[in-house]
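Inspection log for the structure reproduced underneath, given as structure tokens.
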Amino acid sequence: MNILVTGGAGYIGSHAVRHLIQQGHKVVVIDNLSTGHREAIAPEACFVQGNVSDENLVKEVLINNSIDAVMHFAAHIEVAESVEKPYKYYANNFSAALSFIKYICDFGIQRFVFSSTAAVYGNPVETPIKETHQRAPLNPYGKSKMMVEDAIHDFARAANLGFAVLRYFNVAGAHPDGDIGEAHQPESHLIPRVLQSAMSSQVVLPIYGTDYPTHDGTCVRDYVHVQDLVRAHSLALEAIKPGQGQVYNLGSENGFSVLEVIQACQKVTGASISVEKYPRRAGDAATLVASSEKIRNDLGWKPQYPDVTTIIEHAWKWHQKHPHGYALQNEQ
Ligand code: UFG
């Protein structure tokens, strides 16, 4: 297939691009490089720098490359930032995405994979969370994603768009060869931050909240390896039928607290990590653990790296090979 990947220079997008190319697809990336890295895009992919809300650019890419399918990763992703800057999230994650979906529907795209998030669930009433669980996001990030989910269902009816909405839990790890990985600026995610502390005794890790209703008082999350996540995208893409759609959770069904992740990182790295207790971070749910039974049953998805230790080992390899992320990799 000829596949358009938006946000293909980002953390998850770049792993997806590499996987799709390995599967024999032709990949075109649109990314404005606001947070992504040109170096993260596999050289075999065609790269177009620009915004998904740019109608002329999107139409040109769709026509010139005879695009058959679209994966939409481009989005802002910081929960806490979304609480402070809601406009940024509604404008990019919802408004720009809405325009983009209209353009691809006008072109006649019938296979669309959308990156959604566990943040749409808010504080779960039942755990593990099933796809049928009520959606009650706690922050603008989750709300902006929920709004796109709803719009997609309407486009499916009106424009015969076939879709897969994939709700990610906590994506972590890196390609096992350590050549691409997570490089957010600034980094806010737990595992890369713990590993940054492991690399430098001067970097103290803040623990946001120790009074949550969990077994050790810190937040519990479900970590899924980025390579398993992108394999799920391929399976979901292949199964899409015009005008129909599915919603799948992507997680590993295991919950780890912040303290447990820190311990696992200490084991993998052999470093002692200095921590400091902080108040709760705005917009955080206490526990988010997925049921991923639906995608396992429907599509036969089975994580290859379900163990959090392997996830951390691969992330550690990436961080050691690229201590400054992509920016200074040529100066090592
Ligand atoms: N945390 C810390 N210290 C840090 C960083 C994080 O204690 O320095 C804590 C957070 O408060 C949270 C947990 O570690 O309790 C995980 O935080 P992350 O920032 O790594 O991930 P989130 O759970 O906030 O968000 C991630 C994705 C979202 C997605 C969500 C769903 O970034 O896109 O998972 O589970 F919506």
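Coordinate-derived values only; no laboratory data. Everything numeric in this text was worked out from a predicted model, so none of it was measured. Cβ coordinates were reconstructed from backbone atoms using ideal geometry, including for glycine residues, and neighbour counts include every protein chain displayed.
Structural remarks
- Across the range 161-173, the qualifying residues are those that are assigned to a strand (DSSP E or B) and of a type in the set (A, V, I, L, M), and the one among them that is surrounded by the most Cβ atoms within 10 Å (Cβ to Cβ) is Ala164.
- Some residue of the range 206-224 being assigned to a helix (DSSP H, G or I), more than 23 Å from Tyr141 (Cβ to Cβ), among the polar types (S, T, N, Q) and over 19 Å from the mean Cα position of the chain (by Cα): no
- Test result for Thr127, away from the ligand (no atom under 12 Å from the Cβ), free of Cβ contacts under 8 Å to residues at least 60 places away in the same chain and surrounded by fewer than 23 Cβ atoms within 10 Å (Cβ to Cβ): no
- Scanning the range 263-290 for residues that are closer than 14 Å to Ile191 by Cα and charged (D, E, K, R) yields one hit, Lys267.
- Of everything listed in (1) part of a helix (DSSP H, G or I); (2) among the charged types (D, E, K, R); (3) more than 30 Å from His314 (Cβ to Cβ), the single unmet condition for Arg193 is (3).
- Qualifying residue in the range 146-160 (condition: without any contact (Cβ under 8 Å) to a residue 40 or more places away in the chain and either within 13 Å of the ligand (Cβ to nearest atom) or not in a helix (DSSP H, G or I) (or both)): yes
Conditions (1) buried (at least 21 other Cβ atoms within 10 Å of the Cβ); (2) small (Gly, Ala, Ser), marked per residue:
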{"position": "Gly24", "(1), (2)": "no, yes"}
{"position": "Glu39", "(1), (2)": "no, no"}
{"position": "Ala69", "(1), (2)": "yes, yes"}
{"position": "His76", "(1), (2)": "no, no"}
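- For the range 5-22, a residue qualifies if it is of a type in the set (S, T, N, Q), crowded, with 24+ Cβ neighbours inside 10 Å and closer than 17 Å to Ala232 by Cβ, and exactly one does: Ser14.
- Residue satisfying condition, being within 17 Å of the chain's Cα centre (by Cα) and either away from the ligand (no atom under 12 Å from the Cβ) or under 23 Å from Tyr208 (Cα atoms) (or both), within set Gln266, Gln227, Gln246, Gln304: Gln227
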